[in-house]
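Where a number appears in this text, it was derived from the coordinates with a stated rule and is not lab data. Not measured: the values here are computed from a predicted model. Counting neighbours? That spans all protein chains shown, and the Cβs are built from the backbone with ideal geometry, glycine included.
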Amino acid sequence: MDDILHNETINTLLNHRSIRSFENSPISGEQIQTIIQAAQSASSSSFIQAYSIIGVKDPEKKRLLAEYAGNQPYVAENGHFLVFCADMHRHVLAAEIENLDPELIRPSLESTEKFLVSVVDATLAAQNAAAAAESMGFGICYIGGIRNQLDKVMELLSCPPYVLPLFGMAIGVPSKSSDQKPRLPFNHVYHEDTYQPDDNQLKEDLKKYNQTISGYYKDRTSGKRKDRWTEQMMTLLERRSRMTMRHLIQQQGFMKDESNE
């Protein structure tokens, strides 16, 4: 039974941690192709396949992406950098192939539902890519920071209408490992039949988790840091960030149904 519960795939997934320091070692074209093919094997809603992946190799573009993402050096210094995009642009081309006026499908393309489909499809593909890369011995780090200056990212990557960069992924040979952050308690994430109705129990779970996270930071920083998870979240949520996202999303053609109500 232990062999079933802890096979190679499960061990790879359970051993995930974000890597932010990579060796100066490029990833081969064959390895990149394998990672992308693994990404493409992910499930897709109604076979829409509403995403694209932009691999960034140009050092100057990687430098700019690192700058746009908040001067994160590992965006520029890695084996390969991927940008996962919501993509309904090819569906406009499909309409043209079928001799159909694209205006007839525009309400669907511009709906919030199709945007959600694009985001989910891209995320599923990315997690397949992450698992594939880690199974090959590489480390990965998701980069949401590319949304800090999303307009500049779209211009840099020449994104047409109906293509929206969502997040990046740095991949490479780890130069040093990192500790694995403890996740939320199992019972706080997994609910059976209904959402857990007892908020008091949820709060108690979070208080225990706060102690775990505080201890994690304390041990890792020799006592210099011991913030709690709920404390972190309130600091994060009190700070307004990326508040122009709806405008940029709609600028690229997504989520226009609400604006037309």
- Item | Spatially proximal lysines relative to Lys61 (Cα-Cα < 16 Å; intrachain offsets below 8 disregarded) | Lys152
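Asp199 to Asp58: extension gain in nm, 0.36 nm per residue of separation minus the Cα-Cα distance?
Values: separation 141, 0.36 × 141 = 50.76 nm, distance 4.98 nm.
The Asp199-Asp58 span can extend by a further 45.8 nm.
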- Task: Provide the FRET efficiency to the nearest 0.05 for the Gln40-Leu184 pair, computing r from the beta carbons and using R0 = 41 Å.
- Result: 0.85
- Prolate/oblate/rounded label for the stretch 90-134 (Cα gyration tensor, a/c 1.5): oblate
- Query: Sorted by mean Cβ packing within 10 Å, highest first, what order do the peptides 219-226, 169-176, 190-197, 151-158 take?
  - Reply: 169-176, 151-158, 219-226, 190-197
- Distance (nanometres) between label positions extended 7 Å along Cα→Cβ at Gln211 and Arg246: 4.2
- Item | Where Rh is the Kirkwood radius over Cα pairs, Rg/Rh for the stretch 186-227 | 1.17
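May I ask you to give the average projected area over all directions of the convex hull of the Cα atoms of the chain, in nm² rounded to one decimal? Write out the running numbers ahead of the final one.
Details: hull surface 72.3 nm².
Result: 18.1 nm².
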- For the stretch 148-160, Karplus couplings with θ = phi - 60° (6.51, -1.76, 1.60), whole Hz, Gly/Pro x: 4, 10, 5, 4, 5, 5, 5, 5, 4, 9, 6, 7, x
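Take the alpha carbon gyration tensor of the stretch 185-261, find the square roots of its eigenvalues, order them as a ≥ b ≥ c, and report rounded if a/c is under 1.5; if not, report prolate when a/b exceeds b/c, else oblate.
Numbers: a/c = 3.45, a/b = 1.56, b/c = 2.22.
It is oblate, given that a/c is not under 1.5 and a/b is not larger than b/c.
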- Message: From the Cα trace of the stretch 134-253, what convex hull volume per residue do you get, rounded to a whole Å³?
- Response: 204
- Item | Student exercise, the chain dipole from Lys, Arg, Asp, Glu Cβ charges, in Debye to nearest 20 | 1400
- Query: Please identify the GluC sites (Glu not before Pro) of the stretch 54-108 that satisfy two criteria: DSSP loop assignment and at most 13 other Cβ atoms within 10 Å. Which are they?
  - Reply: Glu98
